[in-house]
1. If you rank TRP326, TRP757, TRP436 by fewest surrounding Cβ atoms within 10 Å, what's the result?
2. About the Cα centre of region 644-775, what is the dipole size in debye to 20, counting +1 per Lys and Arg Cβ and -1 per Asp and Glu Cβ, all else neutral?
3. Using the Cα gyration tensor of region 629-788, with a ≥ b ≥ c the square roots of its eigenvalues, what is the shape: rounded (a/c below 1.5), prolate (a/b larger than b/c) or oblate (neither)?
4. Of the listed pairs LYS417/LYS785; LYS542/LYS605; LYS572/LYS652; LYS605/LYS652, which have alpha-carbon separations greater than 31 Å here?
5. Between ARG393 and GLU311, how high is the FRET efficiency from 1/(1 + (r/R0)^6) when r is the Cβ-Cβ distance and R₀ = 60 Å? Nearest 0.05.
6. Does region 693-774 come out rounded, prolate or oblate by the C-alpha gyration tensor, with a ≥ b ≥ c the root eigenvalues, rounded set by a/c under 1.5 and, if not, prolate when a/b is larger than b/c and oblate if not?
7. Fewest first, what order do MET816, MET412 take by the number of other Cβ atoms within 10 Å?
8. Quick one: putting +1 on the C-beta of Lys and Arg, -1 on the C-beta of Asp and Glu, what dipole do you get for region 497-575 around its Cα centre, in Debye to the nearest 20?
Amino acid sequence: MMLIFSAVIPQPLYAQIAAAPLDHSGGLFFSPEQQHPGVQGNYVMFPPSTYVLSPHASGWRKFQSVFLSGNYHSTDAKQTFEGSSAPAGRKDGKDTYNDGGVGSTFIINRIFFVDLNGKYSTGEYKGYTGLNEDSTLTRTAAGGNLNGGVRLWQILSLGIGYAQVNHETTFKVKGSDDYKASTSEVTDTSSGTYLLNMFYGLRFDLSVIGKLFFIPEILLVLLGRASNFKPVYYTFCAVYTVLTMAVGHVVFTSLYVFKIYGRHITFEYTAFFHEFASVFRESVTTQAHIFFPAVGLLCLMGYGSYRLWREFYPLPFGSYKFHIPWAVLLFAVGLLIGRGGWQEKPIVDNFAFADGTYKTGYIRLNSVFTLLTYYGQKSVQEYNFMEQADAERIFRELTDTEKVMSLPGYPMTNQLKYPVAPSKPYNFVFLIMESWSAPYMASLTPESKRRADFYAQFASAEEGQKVLERLPPDNPFFSGLTPAFDRLAAQGILFTRFYAAGSTSIEGIMAMVSSLQPMRDFELGHSGMIQNRFSTVSGLLKESGYSGLFVTGLFDGSSNNDRIMSLAGIDKIIQKSSFPDADKISDSWGVYDIPSVQRLNEELKAFPTPFFAYYISVTSHTPYQLPEDAPQPIPDFVLNYEFMNEIYYSDKALEVFFEAESKSPHFADTIYIITGDHTNFVKPDHPTDYGHVPFLIYAPHIFRTSQRIDAPAGHADLLPTIAELIGYPRPFSAAGVSLLDREHPRFAYNFGNYFRWFEPNKMLETQRDLSELGRNCDFTAGDCKPLSAEETAYYYKRFRAYYQVINNAIILNRIMPAEK
């Protein structure tokens, strides 16, 4: 964590750049020495490697500059650019850029004027224009108010924390030579956010201290008088020295590694240990102005410790009865700060990104913490089944559509070609049903197949049939375990061949949230890759003005779901501890589904619109416990009866939820999406059942015609679907295709005991090491027919290309360019 305090504002007001990648979406920063005699007209130029800041209601932000060839006009809250080189996206040479609302201002080379009421006064701002550095840009402000204004104390205590490097953009200026412009982005440095980041950063710093340094301290106390002997003392000095040097080595190495990967060290240290000597040398060379003063400070501290020891030698110690309580206390304190607090699970790196801001997350984390968290993770590797250009070409064939184009160099970063926002924003409710599996649902699997699957568990079909004959004809086993869902499906858009991304909850949820698939060597939600730059559904919606809610009955911190859901900022989180009577309405895993959906109903009634809400059910998770009054229609002589009764109960919770929702004022404007996170109890001889989960879009007042879509689809398709529904105008990352696209050939991906790849009427299955398995199917004629050798090679290459692009982009942190 880097903290810079300014007691006096420097002039000009610039935040110098530190270590990492970043945003060039906000315009180009020019250097005076980049002037060219052939350039005509006026253009604004800023010093390189700087930020130009403007005050905003929520704190500080960067003023977005553009190249000008023509005249510069400034009006209140807007800048108009005219000439032959106006902002990108306009060919007529004229555009207007809104700088954030009435009362906004800009800074070029001098401090702006502000009174204590937060209103701007008239002032002149010197800048570089054309070839004449003495030219002046003048703006007369109208004194607009900033929702409470910018207070003088806030300016004088400005703290800027950042971790980023220059990003260079090459461009042409009216036929002249190529120029390069450095670009970057400042984090939100409002005082409240700044103090919160400082607090979170100390939490991770203290965790490192607790893990590394408290054990030697405890031993020192337990040794008592023996610690007065020089050999013992020198041994402990050596231990501390080695630990301090190791920490320093990681810190300085991380400065260089951050420039490469754009994240703190995780698996890189152990996976590429043989290269870290040269990396450390490069780090010291490039950061000499930090390294040598730091070494000097450490030497000074070591010398001071030695003098203190000599001054007070020998140290007074009492009896061992005195030592042991102190050692126990130190152990307790070390354990507490080492795990990062009282929460149920120790902190991991995704705790740093709880508000969804990557730049503040980088500040809070430190590389020693992330290294200790992921030390030993050597299996992470890049895959090169083919040339990367070849893999990216195939990836674009799979994901680029008539509506979406990917950015050059970043095949996973997409942008809608024609974004269209609805006249009134939709609300979104995502209902994620634990372990819901299509083979148990009547709307997705016919009774004949469900019977056949049941018979397959016995030595003969006759034995299975005798068991079912003991059930009454109206038993839900025959009519369906999910009658409420089936009724909704008849009124919505049902995807009949929808596949979960993985075989665990966190894999499925992470793919829904981020459109990133689980990989063989790591799981994004539980790895250092969570530091990467990628889009989330929550992020797109928050940027579009939505309020976010997360409700679940799960115990707090279960699988870090709360942290995953809040990657892009959730306004309110409801978990097991949020239920006053949780002990009376829960099993060992969490609050039962009916009381938790009732809580969801209550929260949605009071939530500001437009909103989005995530809900994760609990009851159909092991250990399969139901409330005493819950119906259990499947008797215990039926195999997997506990799981089927849990599904039946969870479906009853859906019925309760929608009965209340249908009477709510927001119902007509809300899109409900129901899906399962993964499958359970599916048959090994039916590979198409693995990962086959329900997916329903239910919004009878918005999509007035019900549909059954038989094309393959998966969790990674959710994010691009939301982007299209809200008309998201900016780039976003995705590894799927919008579910609203009916023309583009679809595909699906599932990772479990094997990899499974689905395209229309085709299925390919591979080993976990991505080698061929041979169980490949063509369903064109109905039943599974083996693919030909040519077809197998074709689909196998497409699957490997898709995997290679995602895997390597995650490892190299190239999912998205360094843009906001």
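Taken together, the values in this text are just the output of simple stated rules run on the coordinates, not laboratory data. No experiment lies behind these values; they were computed from the predicted model shown. Here the Cβ positions follow ideal geometry from the backbone for every residue, glycine too, while neighbour counts run over all protein chains shown.
1. Fewest-to-most ranking of TRP326, TRP757, TRP436: TRP326, TRP757, TRP436.
2. 180
3. Oblate, since a/c reaches 1.5 and b/c is not below a/b.
4. LYS417/LYS785
5. That pair, ARG393 with GLU311, gives E of 0.25.
6. Prolate, because a/c is 1.5 or more and a/b exceeds b/c.
7. MET816, MET412
8. 160
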